[in-house]
Structures are given as structure tokens and as C-alpha cells.
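Working notes for the structure below.
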Amino acid sequence: MNLVELQNVSLAYGRMEVIKNLSLHLAEGEVLGLFGHNGAGKTTTMKMILGLLAPGSGHVQVFGNTPDHTEVRKRLGYLPENVMFYPQLSGQETLTYFARLKGADNHQVGELLEKVGLTHAATRKVKTYSKGMRQRLGLAQALLANPRLLLLDEPTVGLDPVATQELYQLLNELRQNGTGIILCSHVLPGVEPYISRAAILAGGQLQAVGTLSELRRQVALPTRIRLGS
Ligand code: ATP
């Protein structure tokens, strides 16, 4: 069974159709890169998978259920594009707060801070964190309750090359343990080694989908999303 299945999905904001007849799937342990320019429809697609938006037509299934199913929500981790935290809470307090919301075990807080390399800053207020540290805390938050599916919206924006590679390495470990990952990005360079397949969206339509070697054989890719040789 696929973790995510979108079949002929369309969605409009008012009268503006922003997702047009989109079909996509994600298998267990797969990392799907969802690429496209600003406004291509990447975040909207994520929101449908999260059950925050319902498609006007077509079907969205997560773990074989509708996305609003309670069991689905429990096993889904999400890192939004601009993750926001309470600035006065420490990293540890922040994760403890989210652990309660998600019904996750408290012992996961320390484990996850360790996993994302924030143990040394656990008691510091989040307002003193760098962008990279906030992003890693966001990832820890998304990993609470051991998600089977992880949705990451532009996870490396604002990160330096070292922090970017560290984040991708971490995703690689998760994937090897069977977690399915959808990763939205404007840019492909750097992420290539870590994705199983890529989907290119433009104007809410799927332009191409496949492994990178399959995509390299296709020509109609939007500019700026360059495939390395
Ligand atoms: P970005 O990389 O800039 O986040 P994106 O690929 O994630 O872009 P979406 O955020 O899904 O694209 O937006 C798709 C289209 O829908 C854009 O034209 C956007 O302006 C429009 N849009 C997004 N959210 C809304 C909303 N709540 N109401 C009306 N239009 C919206």
C-alpha cells in the first residue's frame, strides 16, 4: 500500500484553480522531492495531504484512509516553511509542549534533541536560536510520535551548506527505517543524492515525475530547476 495517493486532484481558491488534475503517490521508505517555482502549488499539495484543505475533485488518501482520520494524523509529521515557536520557551520546553499535544512519550524529547544536535542548547530560549537551530527544532517537533510520513516544506531555506547536508543525512537515516518523506523545494542541486523520485509542478500541473535519470531524459522542465549531469 502506498503511504500517499493523490488521484486526479484539483483544488481552487475561490475561482482560481491552483491544482489541476494532479496524480502522485509515495511508497514506504521513499523520498519524493516536490519541485516548482513560487506559486506552483507545492504547499497547497502538502495541505491536502495534511487534511487541512479538501480537494474540489479527485481523491487524497494517506495510509489508505482519508487524511482527516485520527490514526493518520498521529503518524504524520509536518515541518512548515516558516516554523514558528514561542520565543520565550527553551528548546526542551518547546518539544515537551508539542509532545503533549501529539500524545508522544516524554522520553522522546531528550532523544530527539540529541538526534538533531540540540542537546547543548536544550535549556536556551528559542529566541536565541539561529535559523538552522530553529529548523532542526522544527524537524524534532515533526519527528515526535515516530511519523510514518514526513512532510517538509522548504526545509533547507536559510541553512548553510553544512547544516543542509546534515539535515539531508538525517532524512536519509529516517528513510532507511521506512519513513516516507515528501520534501518541497525550489531548488534541486544538493538534494539529488537523497531523493528517490522527483515531481515537477508548474501552475498546479504535474510537468514530470520519475527518478532523476528518468527526468533527465525529459525536456520540459521549468528553468531554475536544473538537473545535474
Ligand atoms: P511557494 O514556494 O511560494 O510557497 P507553492 O508552490 O508552495 O509556492 P502555493 O503556496 O501552494 O505554491 O500556492 C499556489 C497558488 O495558490 C499561488 O498562486 C498562491 O498565490 C495561491 N494561494 C495559496 N494560498 C492561497 C490562499 N489561502 N488563498 C488564495 N490563494 C492562495
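The values are calculated or read from the model by the stated rules, or taken from the named source; none is laboratory data. Remember, predicted model here, so these are calculated numbers, not experimental data. Reconstructed Cβ throughout: ideal geometry from the backbone, glycine too, with neighbour counts over all protein chains shown. Heads up: the accessible areas ignore ligands, DNA and RNA and are worked out on the full protein's heavy atoms, side chains in. Shrake-Rupley method; radii C 1.70, N 1.55, O 1.52, S 1.80 Å.
Identify, please: which residue in segment 2-12 is hydrophobic (A, V, I, L, M, F, W, C) and within 16 Å of the ligand (Cβ to nearest atom) and is, among those, nearest to the chain's Cα centre (by Cα)? Spell out the reasoning first.
Taking segment 2-12 and keeping what is hydrophobic (A, V, I, L, M, F, W, C), we get 3-4, 6, 9, 11-12.
With within 16 Å of the ligand (Cβ to nearest atom) added as a condition, the list becomes 6, 9, 11-12.
On the way: 6: 16, 9: 19, 11: 20, 12: 22 Å.
Among them, the one singled out is 6.
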*Considering only segment 170-199, state which residues are within 15 Å of the chain's Cα centre (by Cα) and polar (S, T, N, Q).*
172, 179, 185, 196
*Across segment 64-84, what is the total count of residues that are more than 16 Å from the chain's Cα centre (by Cα) and either within 15 Å of residue 3 (Cα to Cα) or within 13 Å of the ligand (Cβ to nearest atom) (or both)?*
6
*Positions within segment 155-192 being open to solvent by less than 10 Å² (accessible area, probe 1.4 Å) and either of a type in the set (Lys, Arg) or within 16 Å of the ligand (Cβ to nearest atom) (or both), in sequence order*: 155, 182, 183, 184, 185, 188, 191
_Could you tell me how many of the residues in segment 1-52 are on the phi < 0 side of the Ramachandran plot and in a strand (DSSP E or B)?_
24
_Qualifying positions in segment 1-10 - at pLDDT 95 or above and open to solvent by 10 Å² or more (accessible area, probe 1.4 Å)_ = 5, 7, 8, 10
*If you take the residues of segment 13-47 that are under 12 Å from residue 184 (Cα atoms), within 8 Å of the ligand (Cβ to nearest atom) and among the β-branched types (Val, Ile, Thr), which of them is surrounded by the fewest Cβ atoms within 10 Å (Cβ to Cβ)?*
43
_So residue 59, is it more than 13 Å from the ligand (Cβ to nearest atom), surrounded by fewer than 14 Cβ atoms within 10 Å (Cβ to Cβ) and part of a strand (DSSP E or B)_ = yes
*What do you reckon, is residue 125 in contact with a Pro (Cβ under 9 Å, 6 or more places away or on another chain) and farther than 27 Å from residue 8 by Cα?*
yes
_Could you check segment 138-153 and list, in sequence order, the residues that are touching a Cys at 6+ places or on another chain (Cβ under 7 Å) and open to solvent by 10 Å² or more (accessible area, probe 1.4 Å)?_
none
